Amino acid sequence: MSIIEFRNDIPPINQYPHRIVSPTAPSLCCAVEMARIGEVQTDATGQFYYQRCNSCGYTVRRFFGPSPARINEDAQKIRRMLAEMNLGTGTTRRRTREQVEQEIAAAERPRRLIASPPRRPRKPLAA
């Protein structure tokens, strides 16, 4: 739920964190006058903070991209769900109960967020 009310019939009001009244559309000043107000917050859609124009009062919520940890958790849930539905994530569609249980166990294991490439041995410096 947003605390921003977009209205043109009353002047802009900043009563952060309870209520913000903002014009319905940005002005030219918003390109350079936007300032962050408050701390980073989290709701069902992700992390965000409020940004308000110092001149006209236009206010928006700026969202961050989802965190890598959250993406990993969501992917883990999807893999488990597919395994439980016996749909699988590979090319084989019909599997034994043992194979399904192995997929469920693999889906529950935490995965590394970023795979690092293997290191190559360094060449000795020429003397």
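The values are calculated or read from the model by the stated rules, or taken from the named source; none is laboratory data. Computed from a predicted structure; not experimentally measured. Please note: Cβ atoms are built from the backbone with ideal geometry, for glycine as well, and neighbour counts cover all protein chains shown.
Determine if region 24-33 includes at least one residue that is surrounded by 13 or more Cβ atoms within 10 Å (Cβ to Cβ) and in contact with a Pro (Cβ under 9 Å, 6 or more places away or on another chain). No, region 24-33 contains no residue that is surrounded by 13 or more Cβ atoms within 10 Å (Cβ to Cβ) and in contact with a Pro (Cβ under 9 Å, 6 or more places away or on another chain). Mind telling me which of the residues P110, P121 ends up being at pLDDT below 75 and within 30 Å of G46 (Cα to Cα)? Of P110, P121, the one residue that is at pLDDT below 75 and within 30 Å of G46 (Cα to Cα) is P110. Being within 30 Å of I104 (Cα to Cα) and not polar (S, T, N, Q), is that true of even one residue in region 19-30? Scanning region 19-30, I find no residue that is within 30 Å of I104 (Cα to Cα) and not polar (S, T, N, Q), so the answer is no.
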